[in-house]
Amino acid sequence: MDPQDQTASSTLRIALVCPYSLSRPGGVQGQVLGLARAFGARGLEATVFAPADGPLSGVEGVDLFTTGRAVALPANGSVAPVSLSVTAVVRAVRAVRSGRFDIVHVHEPFTPGVPYGLLLARRLPPLVGTFHRSGGSPLYTALRPVTRRLARRYAVRCAVSEAARSTAHQALGGHYELAFNGVEVDRYRDVTPWPADRPTVLFLGRHEERKGLAVLLSAFERFRSGGWPDRNRSTPVLWVAGDGPETDALRRHHPESPDLHWLGVISEEDKVRRLLAADVLCAPSLGGESFGMVLLEAMAARTAVVASDILGYRAAAGGHARLVPPGDEVALAEALALECPRQRNRSPAPVERAARLEAAHAWASHWSMGRLSEWYQSVYASAMVRPGP
């Protein structure tokens, strides 16, 4: 069944389920919200079901059903903000049943909360699941017989990368359609960049060991002292966004200074403005990344990328980023020195650099959220004609 035939007779109604709080920045949250907006642009109706436990950022243009407040659970070397409220799960399942949805699309299908409630419920529209995680999960291991059986309830299973597909297949078996993460390229147009009068490096991410922020901070000190011996020149500045369990310790060792700004958690709007202003986005993760969404966002903003040479980032970079061995602060400092301009010029970027950034922007556009929404619409059409579990 062609997706265009589906929309010709009626408007496709989609329930997009995100298990992670929309009050915290995150890759899965961004993908769900971006898909909701992209579906709306295609004339479809999408409602996002997700927890929220504080101010919301980046939810403009999205129909939202909140599924309780989140608590922090350790997951894959990070912390997952999920809702464990049974009442919220019951409310969400009832809303899905009564909402006349044609498809229910669950992201990270075996995360505690609403995803499990939907798997245990009956009389629901067809389920599509997308797996984002790279690396094992205690829930997969402890509940393997149950999860393998419940996974059969999904009419179609998708994975955002080869790493995510391998993780899901090892835990659950079954077949997975290979999707990708989408970037909202249009969000980087007609936006005023954050003011910056010096060469700038930007870090975006949670302050935890696997994100490699400690390595970047040491590398930046090495890069700055080695590359800018003359303090009268336009010395570089590092913007560090986000927070996490390592924030306090890292700030004690690397306190705020004219060359280092700790920004805390920033809004989606400010993230876009900072990306547009930065000369380099640095993603020094040590591992555990199924796909480098932040790399594509930087490319969409025409910002140079320096990142760790790990599987997920390599796939996202597509040859348009400077990759270094994870954890190697010397190589990271050298890469920053190569990518960060010696001074903040008000004139256009040198031709060679501008051409590289334009090529990276074209690569990011290939991974657009509009293209991803079109791909998922075809997946939904397939799921709707398959027999139920």
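Select from the range 48-63 the residues that are over 19 Å from the mean Cα position of the chain (by Cα) and closer than 14 Å to V96 by Cβ and list them in ascending order. Once the filter is applied, which keeps residues that are over 19 Å from the mean Cα position of the chain (by Cα) and closer than 14 Å to V96 by Cβ, the range 48-63 yields only D63.
Among residues of the range 317-335 that are closer than 17 Å to P236 by Cβ and in contact (Cβ under 8 Å) with a residue 60 or more places away in the chain, those with a beta-carbon under 8 Å from a residue that is surrounded by fewer than 20 Cβ atoms within 10 Å (Cβ to Cβ) and of a type in the set (S, T, N, Q) at least six positions away or on a different chain give the pairs E329/S218.
Those helices (runs of 4 or more DSSP H) of the range 231-318 in which at least 3 residues are of a type outside the set (S, T, Y) and under 15 Å from L202 (Cα atoms), considering only elements entirely within it, cover 268-277, 293-300.
State whether one or more residues within the range 298-315 are touching a Pro at 6+ places or on another chain (Cβ under 8 Å), more than 30 Å from A46 (Cα to Cα) and acidic (D, E). There is at least one residue in the range 298-315 that is touching a Pro at 6+ places or on another chain (Cβ under 8 Å), more than 30 Å from A46 (Cα to Cα) and acidic (D, E).
Restricting the range 148-168 to residues that are within 22 Å of the chain's Cα centre (by Cα) and assigned to a helix (DSSP H, G or I), the residue that is modelled with the lowest pLDDT is A163. Across the range 45-58, the number of residues qualifying as in contact with a helix residue (DSSP H, G or I) (Cβ under 8 Å, 6 or more places away or on another chain) and over 22 Å from V93 (Cβ atoms) comes to 2. For the range 327-338, the criterion of a residue being in the same structural domain as G226 (by TED's automatic domain parsing), surrounded by fewer than 22 Cβ atoms within 10 Å (Cβ to Cβ) and β-branched (V, I, T) is satisfied by at least one position. Contact map, the range 281-294: residues that are at positive phi paired with residues that are at pLDDT 90 or above and of a type in the set (V, I, T), Cβ distance under 7 Å, separation 6+ or inter-chain. Pairs shown: G287/I310.
Taking each residue of the range 86-102 that is in a helix (DSSP H, G or I) and looking for partners that are among the basic types (K, R) with beta-carbon atoms closer than 8 Å, six or more apart or interchain, yields R97/R123.
Could you tell me whether any residue of the range 132-145 is modelled with pLDDT of 90 or more and of a type in the set (A, V, I, L, M)? If you could, list the steps in order and put the result at the bottom.
Within the range 132-145, the first condition is being modelled with pLDDT of 90 or more, and the residues that meet it are 132.
This time we only want the ones that are of a type in the set (A, V, I, L, M), so: none.
Scanning the range 132-145 turns up no residue that is modelled with pLDDT of 90 or more and of a type in the set (A, V, I, L, M).
Within the range 208-223, none of the residues are surrounded by fewer than 21 Cβ atoms within 10 Å (Cβ to Cβ), small (G, A, S), in contact with a helix residue (DSSP H, G or I) (Cβ under 7 Å, 6 or more places away or on another chain) and modelled with pLDDT under 95.
The values are calculated or read from the model by the stated rules, or taken from the named source; none is laboratory data. This one's a predicted model, so the numbers in the text were calculated from it and none came from an experiment. In this analysis, Cβ positions are derived from the backbone assuming ideal geometry, glycine residues included, and neighbour counts consider all displayed protein chains.
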